[in-house]
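Notes for the one structure printed next.
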Amino acid sequence: SDRYHAKKQRNFDAADEIRDSLMATYNVKVDDRSNEWRVDTDEYAMTGDNTLSEVEMAFIDTKLRERFNLKRANEYEEADAIRDGLRGKYGVNVDDRTKEWSQDSEFVGAVSEDAVENLVG
């Protein structure tokens, strides 16, 4: 509410300071274009059914955290490569907006441990 009033009074420096404080203190990211806010976290929730082993799910979680940090560092090509690799090897769909991932229902077959090694290397 304070930020809204600061913007309304065209005190953009104060509004930006409040926005930055929310991010620094609570990891809250404010999106002015969509009038939304969210907690900016590297944790993604798995939704739906999947055919993945616990090892594969842990690997995917690790890669999603790595991807999040790459995006934060504006290293989008590397982040996209991780996304594309997860999609190709596991049929994983990533939704960055909701911080969720799922396995494509049409993705057939389990992925072997060798595939995990190939994606890492």
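The values are calculated or read from the model by the stated rules, or taken from the named source; none is laboratory data. These figures come from a predicted structure and were not determined experimentally. Cβ atoms come from the backbone with ideal geometry, glycine included; neighbour counts cover every protein chain shown. The area values use the complete protein model at the heavy-atom level, side chains included, leaving out ligands, DNA and RNA. Shrake-Rupley method; radii C 1.70, N 1.55, O 1.52, S 1.80 Å.
Evaluated against (1) of a type in the set (G, A, S); (2) open to solvent by less than 60 Å² (accessible area, probe 1.4 Å); (3) within 22 Å of R65 (Cβ to Cβ), A6 falls short on exactly one condition, (3). Each residue in the stretch 78-102 was checked for being surrounded by 19 or more Cβ atoms within 10 Å (Cβ to Cβ) and among the hydroxyl-bearing types (S, T, Y), and 1 of them qualify. Check the stretch 26-49 and report whether any residue there is more than 19 Å from the chain's Cα centre (by Cα) and closer than 19 Å to V94 by Cβ. So far as the stretch 26-49 goes, yes, one or more of its residues are more than 19 Å from the chain's Cα centre (by Cα) and closer than 19 Å to V94 by Cβ.
Residues that are in contact with a Phe, Trp or Tyr (Cβ under 8 Å, 6 or more places away or on another chain) and of a type in the set (K, R) number at least 1 in the following strands (runs of 3 or more DSSP E) confined to the stretch 5-106: 28-31. Checking the stretch 77-91 against the condition returns no match, with no residue being within 23 Å of M23 (Cα to Cα) and modelled with pLDDT under 90. Can you tell me which residue in the stretch 55-77 is farthest from the chain's Cα centre (by Cα), limited to those that are loosely packed, with under 15 Cβ neighbours inside 10 Å and in contact (Cβ under 8 Å) with a residue 24 or more places away in the chain? Among those residues, the one meeting the criterion is V55.
Taking the conditions exactly as written (surrounded by 11 or more Cβ atoms within 10 Å (Cβ to Cβ) and either over 24 Å from D61 (Cα atoms) or among the aromatic types (F, W, Y) (or both)), does D42 satisfy them or not? The answer is no for D42.
Pairs linking a residue in the stretch 12-35 that is within 13 Å of D2 (Cα to Cα) to a residue that is loosely packed, with under 14 Cβ neighbours inside 10 Å, with Cβ atoms under 7 Å and 6 or more positions apart or on different chains, are I18/D2.
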